[in-house]
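Before any comments, here is the structure.
Please treat every number below as a calculation from the coordinates, not as lab data. The model shown is predicted, which means the values in this text are computed figures rather than measured ones. Don't worry about glycine lacking a Cβ; one is built from the backbone with ideal geometry, like all the others, and counts go over all protein chains shown.
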Amino acid sequence: MQKLILSAMIMLMVFAQAKAAEEEAEARPSSAYVSLGDPMVLNLSGSRRLTFLQLSADVLVSDSDAEETIKTHVPAIRHSLIMLLSEQKAGDIKSPTRREEIRLQATSQVQALIADLSGSEAVGEILFSSILVQ
């Protein structure tokens, strides 16, 4: 009889833990990455010779509504990034420290753009998935 009661108590504890973990997972927003499409290719300033930047970027979003908002505004986001990045000097893009500063600046600029266009705070961060300076 004691074994039966002990077994029942253990099963209840396991069930309660599983249920709590399931509820916690549902409460946590599911993050996703939205690609901004094909790599962007642009000229960089501040060099005697012609320097090109090829960059691929993704946007971190918190839910499916934010994902749809970003997908709707990809052309505006790409334009904003191209305008920001084309003002940069080739040496700045090559420096890891300066590259991170530019990424943070791009994130805040795109966050403001999406807030203006949709009234949403859909953008978590802009992530540069590939960078090539030539």
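Annotations
- Lone qualifier among F128, F52 - being aromatic (F, W, Y), loosely packed, with under 14 Cβ neighbours inside 10 Å, touching a residue at least 12 places away in the same chain (Cβ under 8 Å) and not in a helix (DSSP H, G or I): F52
- Selection within the stretch 51-70 - among the aliphatic types (A, V, I, L, M) and within 18 Å of S86 (Cα to Cα): L53, L55, A57
- Entry remark, the stretch 109-134: residues being in contact with a strand residue (DSSP E or B) (Cβ under 9 Å, 6 or more places away or on another chain) and of a type outside the set (A, V, I, L, M, F, W, C) number 7 in total.
- Those residues of the stretch 68-104 which are crowded, with 18+ Cβ neighbours inside 10 Å and within 20 Å of A122 (Cβ to Cβ), in sequence order: T69, I70, H73, I77, S80, L81
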